[in-house]
Every structure is written in C-alpha cells, then in structure tokens.
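Coordinate-derived values only; no laboratory data. Predicted, not measured: the structure shown is a model, and the values here were computed from it. As a convention, Cβ positions derive from the backbone with ideal geometry for all residues, glycine included, and neighbour counts pool all protein chains shown.
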Amino acid sequence: MIRSAQELREDTTLTADLVVVGSGAGGGMLLRDAALAGLRVIALEEGGHHRPATFTQRERDMLPRLFQDAGGRQTVDGAITVLQGRGVGGSTVHNTNLCKRAPDRVLEEWAERFGLADWRPARLADDFAAVEALLHVSDIDPGQVNRNNELLLRGMKRLGWRGGLLRHNRRGCIGSGFCELGCAYDAKENVPKVLLPEALAHGAELFTECRAERVLVEAGRAVGVMARALRQGQPGPTLTIRARAVALAGSAVGSAALARASGLPDPHDLVGRNLHIHPAAAVAGLFDEPVEGYVGIPQSVECTELIDWEPGSPRRIWIVPAFAHPVGLVAMMPGFGAAHMRLARRYRYLAVLAAMLHDESAGEVRVTRAGRPELHYRLNEADRSALGRGMQACGQLLFAAGAREVMVPLTRPLVARTESELAPLATHPYRPLDPLLSAVHPMGTLPMAASPEHGVTDGRGAWHGLPGLYVADGSLFPTSLGGPPQITIYTAGRRVARSILEDLRHA
Amino acid sequence: MSPGPRISRRQFLRRTLLGGLLLGAGAVVGRHLTGYQLDPGLATRLRVLSPKEYLVLMAVCRRLLAPDEAGAPAPDEIGVGLNVDRYLGELDPSLVGQLQALLHLVEHGSSLRGRFTRLSPEAQDEILATWESSRLDVRRQGFQALKTLAVLGYYDDPRTFALLGYPGPLLPLER
C-alpha cells in the first residue's frame, strides 16, 4: 500500500521488521526482496508518487516533481549542478536507463584497498545477472540510435577510438526522447514499474511525502526512524517506525545527511566525506544539417578511449552524448542578451557530448541547522587537468564527426573552427562556474571497507559498530565508479537485503 | 541546468567589501522607498515574489533575454516573471530567501549610479557582464542563477519553441 504521510492527522508510531529510508534503485530493490522474503517492511519517501500518466514532457512541470530542489541542487559554490531524484523510484524515474556493471578494475581495487573480497567481479556476477534479468536489460537496438549518438559513433570511427553501443532497461520505448523528464509511456523498467508492484503485493508499505529526520538508537542498536510528514513543504505530524532493522537508501546525499543529523557513531570521522559525483562538462558541435538531439534515446553510445579505470591513471574520462531539452541546454550556453539568443537559435543543429570524470576529488555532505544537506566539493588539480583533456577530446570527436564549429561554454566562450584551436582546453585554468559542470551520480559518503578505520559500513552494508543499521545505496561505494551506477546500486540493494535477512534470522 | 541560487546574504557580507554595506543599506532603504508600482492584477497572481522583487527580476530578464532580432517574443509577453514565481513556489523556502536577497542586492548593491531598475539598458548590461565574468565566485554564481531562472521562464513556452526550431512535447500541452 502506498500512502501519503500528508493524510496523517497526528503523530503516529508503527512497527515493522525493516524500515527503508528512500525508494530509489537501492531502496526499491531492498524493499522488494525483503517483502518477498516475508518481512514486514515500511519504506519512507520524501517526494511524491508521480505516475507516468501525469508526466507532461515539460521542464518547468517535471523538474519540481522529480528532482531534489526542483533540479536546482548545487554544490555550495554553485559550480556544479547535482541532479538527483525525488519521489517514488528516485532517480530511476528520470535517468537515461544506462546499464553497465561496475568495471572489473574498480571492483578489484575495492577488494585490494578496502578488503571487499565479496565485491570481486566473480562474486558479483550472479547478482548482476539476476538484477539485469529482473529489469529486462538488453542491448540497445542500432535502429534506436539517434543522430546525436550517431555522430559520436562517426567521430570514434574516424579517430579509431574505443567505444560502442550501450545496454539499457527499456521495453516499449517509442523514442520520444523525454527520458530525463520521466517517461510518459512507462517504458522504463525501473523501481515503480518492476519492483514496487511486487513489493506491495507482498505486503510492503510505502509512505510518501515524509522526511526522515532521525535514526533512533537505543542501547547501542538502531531501532527505527523518526520522520515528519511534509505538507506543502511545511512540517506536519511525526511518523515513527520502530523496526528490527533500519536501512538508509536515500542516496549518497540524503543518507549521509540523515546519518549526520542523527549523530550516528562515527569514531573515525568518515560519515559524509568521500563524496564523489562524476562531474561532467558539456561541449557542443554545430552541424550544417539538423541534429535534433531531442528526438530518440538520449544516450545509446559511449566512448571509452579516455578511461581505463586504473587507480591513479590520468585516463579518467567517459564520454557520452548529453543533449538536453531547451531549458537545460540553453541555460548552459554562454553569454546573455541578443548574442545568447543567436546561439539558442542553433539548438536544432547542435550535437552535444559530455566529458564525465571518474573523479578522485572527494567532497563532503554537511547538514545545515535547518536540516538541509550541503554539498561541499572542489576539483583537485589532477581532476581539473583530466576534465580539460576530456573537453578537448569531445571537441576532437565532434570535428571528426563533421562539426563546423565546436563551442565550449567557458565564461569567455571558446569557439573553435579547427582542432588545433581546442588546444587551450587542456590547460584551461578551471575555476568554479567556468565552465559550468553538472553531475548525476553522487556516491561514496558512507563507504564500505572491511576495517572500520576506512569505512562506515562493512562489505555486507552493515554499519560498523551499530547493529541493526544498514546502507543500501550509492553511499556504499568506496571510490568513484567511472560509469553509470544504477545497476551496481540495484545490486547493492539486493545484497544488503540478503545481509538483513540473514541477520534477522539469527537475531 | 542550475535554477537554484546558492548565494547567501551572509556569504556576501563576508566576501565582498562593499557588498555588505550596500546590501545592509539597501535593505533598510529599500523598505522605505516607494516607486515599485505593479499592476494589482499581476501582483495578486504572485505566489512567492513581492511586487518589488518581481519588478527587479523582470528588469534583469529583459536584459538577459534581449531579442536578437525583431519578432522574438518579449519576456513580458511570455510572462517570464510569473513562470519563475511559479517555479520558486516549488523550492525550499531557504532557497527562495537566498534568491530574494540576490534580487535586493542587484537592485541596491550592484551600482553606485542608482537602483538597477532605473539604469539605462546599456548600464544594466554592463553590470550583468561584470557579474558574469567577475573574479568573485559568488557574483558569477548570482549571475548564473538569474540567467537560469530567466531561461526557465522563457524557453519552456510554446511561443519560444519555434525560435529554437524545437517542436515541443509530443503530448498535448494542456496535459
């Protein structure tokens, strides 16, 4: 059953075996698996339950409904916009459905550096396969590759660079191109469509429009969560769920913020630190023929020429198309007034690529006195350099694909007509907002490690030193992933569900 | 896409030498100054912004969205201010407060020549250009926040889709 906490008229206390905070990829999978195993599970979701039939394909309607801070969440210096999901299904409602397993080399690094032997590729293979089967992950049909993605393919081919088609979790896709504003055709094989119905059919309950304020701890054990109903942004009655196990699955931002606000045990001062976000810079190419990047699947092709996932490697750039609907793209165009409008008129003729950084820089999630999360994040020198090289590579790809001009949205815009004019990008002295960056993959703030000195949680997702508390989202990743995280987060949810079931059985 | 401004009044007081003084003085003076006349019919439709804040926002938007050629819809025609106001109604009040502080700063703290709304378009452009490329992160942040809101209020409208060559949603617009 799904209920809005707005219906609550007075402070309410319920009991359950498990309470899950958040209903994105990790929380959704955990909710389903725990319910199927017979646990009484209650999930809490800050946002609303938005059904595909209500999606309008317009940014001004959908940003407030589906995104944290109406799409305006940023690092505190305003330099990086961090797009995160809000509402039932979290980011699975508006992501672009890219399905890649965590890279083997990254998982090996986790095993070597953090003692996470159970996360080695061979140990994860069955779970990955099960998740992919459940979500109907498949190869993207070459016939579904849109023009923007075709141009990336063409550029890679001409340069002899590595890359190719991606996999996705869509069925019944009509190629509307509105994935990131929610699919009105319900073609995403995501939490609301695939996992939630099963969970609900097995007795799971989900309260929407309530914000978890505190994890309850008694006698050295997590025993529940105190949440508060939200009425048009205003606090309402409390909703307390007392449970045998508590799982944080509200994203690397939300879970860390809740952990900090709750004052959970953190003897090694790790909670909220180690924030990685995969910052990305966009580069546009102007073509003579219309590109119409807003039509069709937005991302179906990747370029892996500049990424090897080796720890410490300077090759840390993953390149994908990054076309956006008008507001998202036009706001990134440099300048203002008439000059800006002249650029905007080229919208239909632009192809856009993004250089996404497999970041070594680590930020921090803090909490304001009002309880709001604050994202502190600055790129280190090595990452700035890698990003500059990534932007240059995007330009090379666009020229190789036939672009007449390449535009880089720096404060003083770089408009290149030849590849050699891209050279300054490699040494561009990055400063916040120059260029504008965006990110969609926060992770790492409650990281796993065998030792409590290096991780907040162990390899099973259990909080070191606080029985009854688990984490089931991207917070768990001890490093940046270097690729789309949803499959790994779903898989984490599945594994944490197993940990909880095992622990409760033995309790 | 970065609609939410993150400029805080306190940050400004710390980071800019004159900004704090101007903002403080501006806030005091602003409360006692009149001259912000808004059509009552329009004023009653505002959910978040005060009439004064609306007028400052529109003055900024008219420059940020100045047309490149005749025929481009004017920001007033599109109702950019009301669109932005509606969007702000979805934000956390603390974020809205920051934006309101930013608008007051633009009006009373961006030029020694007078209120932003009373400057010539050329002078307004000069201020915006200064903010856009300022050495102060917080000014560039303020500029980008205003620009993103202006774009949100203008380019998500069927009348501006044509300007972009964008066909718009596949679904009926009234959905």
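Averaging over all projection directions, find the projected area of the Cα convex hull of the stretch A:384-507 and quote it in nm² with one decimal place.
10.1
Sort the stretch A:126-197 into rounded, prolate or oblate with this rule: let a ≥ b ≥ c be the square roots of the eigenvalues of the Cα gyration tensor; rounded if a/c is under 1.5, and if a/c is not under 1.5, prolate when a/b is larger than b/c, oblate otherwise. List each step's numbers first, then the result.
Values: a/c = 3.19, a/b = 1.57, b/c = 2.03.
Oblate, since a/c reaches 1.5 and b/c is not below a/b.
Alpha carbon centre of the stretch B:91-110 versus the stretch A:317-381: separation in Å?
Centre-to-centre distance over Cα atoms comes out at 22 Å.
Between the stretch A:100-167 and the stretch A:42-89, how far is it from one alpha carbon centroid to the other, in angstrom?
Centre-to-centre (Cα) distance: 26 Å.
Within the stretch A:441-463, list the residues whose amide N lies under 17 Å from a label point set 7 Å along Cα→Cβ of A:ARG105.
Those under the cut-off are none; the list is empty.
Most exposed first by the Cβ proxy, i.e. fewest other Cβ within 10 Å, how do A:VAL145, B:VAL56 rank?
In increasing order of surrounding Cβ atoms, one gets A:VAL145, B:VAL56.
How would you classify the stretch A:1-116 from its alpha-carbon gyration tensor, with a ≥ b ≥ c the square roots of the eigenvalues: rounded for a/c under 1.5, else prolate if a/b is greater than b/c, otherwise oblate?
Verdict is oblate for the stretch A:1-116.
Where a Cα-Cα gap under 21 Å defines reach, which lysines qualify for A:LYS100, not counting those fewer than 8 residues away within the same chain?
A:LYS188, A:LYS193
In whole percent, what relative contact order does the stretch A:1-134 give with Cα contacts below 8 Å and a gap of six or more residues?
18
Relative to the compact globular guide of 2.2 N^0.38 Å, what is the alpha carbon radius of gyration of the stretch A:101-144, as a ratio?
Working it through for the stretch A:101-144, the quotient is 1.45.
Using r as the Cβ-Cβ distance of B:ALA123 and A:ASP308, and R0 as 45 Å, what FRET efficiency do you calculate, to the nearest 0.05?
0.30
Against the empirical 2.2 N^0.38 Å scaling, what ratio does the C-alpha Rg of the stretch A:334-393 come to?
Cα-based Rg divided by the globular estimate yields 1.66.
Considering only DSSP states other than H, G, I, E and B, which trypsin sites (Lys or Arg not before Pro) in the stretch A:33-73 qualify as loop sites with at most 11 other Cβ atoms within 10 Å?
Filter output for the stretch A:33-73: empty list.
Sorting A:HIS376, B:HIS104, A:HIS454 on the 10 Å Cβ count, fewest up front, what's the list?
Final ranking by Cβ density, sparse to dense: A:HIS376, A:HIS454, B:HIS104.
For chain A, what's the relative contact order in percent, using C-alpha pairs closer than 8 Å and at least 6 residues apart?
On the way: 1288 pairs, mean separation 120.6, N = 507.
It comes to 24 percent, rounded to a whole number.
Just report the Cα centroid separation between the stretch A:385-451 and the stretch A:274-309, whole Å.
11
What number, in percent, do you get for the relative contact order of the stretch A:232-378 if the mean sequence gap of Cα pairs under 8 Å and at least 6 apart is divided by its residue count?
Details: 196 pairs, mean separation 47.5, N = 147.
It comes to 32 percent, rounded to a whole number.
What distance in nm separates the simple spin-label points at B:ARG135 and B:ASP92, each placed 7 Å from Cα in the Cβ direction?
Here the answer is 3.3 nm between the modelled labels.
Report the convex hull volume per residue for the stretch A:71-209, counting only C-alpha atoms, in Å³.
On the way: hull volume 28.2 nm³, N = 139.
Per residue, the Cα convex hull of the stretch A:71-209 comes to 203 Å³.
If R₀ is 41 angstrom, what is the calculated FRET efficiency for the pair A:MET1 and A:ALA382, using the beta carbon separation as r and rounding to 0.05?
Once rounded, the FRET efficiency stands at 0.25.
What does a probe at A:ARG113 reach in the stretch A:298-313, counting residues whose amide N is under 13 Å from the point 7 Å along Cα→Cβ?
Answer for this model: A:309-313.
Under unit Cβ charges (Lys, Arg +1; Asp, Glu -1), what dipole magnitude, rounded to 20 debye, does the protein assembly as shown have relative to its Cα centre?
1040
Report the label-to-label distance for A:SER420 and B:TYR36 in nanometres (one decimal), using points 7 Å from each Cα along the Cα→Cβ vector.
5.5
What list of ³J(HN,Hα) values in whole Hz, one per residue of the stretch A:332-345 in order, does the Karplus curve 6.51 cos²θ - 1.76 cosθ + 1.60 (θ = phi - 60°) give from phi, with Gly and Pro shown as x?
Couplings: 7, 5, x, x, 7, x, 4, 5, 5, 5, 4, 5, 4, 5 Hz.
Residues in the stretch A:159-191, backbone N under 17 Å from the label point at A:THR54 (7 Å along the Cα-to-beta-carbon vector): list them, ranges by number please.
A:181-186
Restricting things to Cα coordinates, could you compute the convex hull volume per residue of the stretch A:447-507 in Å³? Please list the in-between numbers first.
Working: hull volume 3.9 nm³, N = 61.
Spread over its residues, the Cα hull of the stretch A:447-507 gives 65 Å³ apiece.
Please state the Cα pair-distance histogram of the protein assembly as shown with 10 angstrom bins from zero: what percent is in each bin?
3, 16, 27, 27, 18, 8, 1, 0
Tell me, Kirkwood radius of the stretch A:148-244 from alpha-carbon pair distances, in Å?
18.2
When A:CYS99, A:CYS210 are ordered from fewest to most other Cβ atoms inside 10 Å of their Cβ, what list results?
Fewest-to-most Cβ neighbours within 10 Å comes out as A:CYS99, A:CYS210.
Given that compact globular proteins tend to follow 2.2 N^0.38 Å, what is the ratio of the alpha-carbon Rg of the stretch A:215-322 to that value?
Compared with the compact-globule rule of thumb, the stretch A:215-322 sits at 1.68.
At what distance in nm do the modelled label points of B:SER50 and B:ARG159 sit from each other, each positioned 7 Å from its Cα along Cα→Cβ?
For B:SER50 paired with B:ARG159, the spin-label model returns 2.9 nm.
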